[in-house]
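For reference, the structure discussed in these notes is given below.
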Amino acid sequence: MFLRPANLEDEDRLLIWRNDPDTRNASLTQHIITEDEHSKWLRASLANPLRQIYVAEKDGIPIGTFRVDSQDDLLFLSWTIAPSCRHLGYGREMVETARIDKHKALKAVIRKDNIPSTKLALHLGMFLQAEKDELLFFIKKSL
């Protein structure tokens, strides 16, 4: 697996993945994202030095995306696997491929019914810090 920085050429693919019904159901924001909304978000994200967005590729084929938002000594993680690539273990392989700074704490917010992402957070060594409404808040302290 290879992680490469996302770019504007990924815009259509990322929007399709984001608007997939299962992705929307697992997302914190569940409405359908318009092309204009997505375009503005992607451009701002790519220009944001505190945000890194990667596209995971397996044998040259894009299979998912991994995002890291830096906030002081905290890394907020988010990930999506392409609909056609789910349940193949790629999420675990993707986060293992990412070079995550072990000197920063990790955080992820996951919907309660998103079992694959919950398992992935636990695999990363995160633990459940809090639960509110339909959300689970995972954290891993820095080394």
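The values are calculated or read from the model by the stated rules, or taken from the named source; none is laboratory data. Bear in mind that the values here come from a model prediction, so they are computed numbers and not experimental data. Reconstructed Cβ throughout: ideal geometry from the backbone, glycine too, with neighbour counts over all protein chains shown. With ligands, DNA and RNA removed, areas are computed over all heavy atoms of the protein, side chains included. Shrake-Rupley method; radii C 1.70, N 1.55, O 1.52, S 1.80 Å.
What FRET efficiency do you get for H87 and I61 if R0 is 22 Å and r is their Cβ-Cβ distance, rounded to the nearest 0.05?
E between H87 and I61, to the nearest 0.05, is 0.85.
Please count, across the chain, the pairs of lysine residues with Cα atoms under 20 Å apart that sit 8 or more places apart or on different chains.
So the count of such lysine pairs works out to 15.
How much of the DSSP beta bridge set in the range 1-140 is antiparallel, as a percent to the nearest 5?
90 percent
Kirkwood hydrodynamic radius (Cα pairs, Å) of the range 1-86?
Numbers: mean 1/r = 0.0747 Å⁻¹.
The Cα-based Kirkwood calculation yields 13.4 Å.
Can you show me the helix-derived [θ] at 222 nm for the chain, built from DSSP H runs with n ≥ 4 at -39,500 (n - 2.57) apiece and divided by the number of residues, rounded to the nearest 500.
Rounded to the nearest 500, it is -9000 deg cm²/dmol.
Excluding ligands, DNA and RNA, what is the solvent-accessible area per residue of the chain at a probe of 1.4 Å, expressed in Å²?
The answer is 60 Å² per residue.
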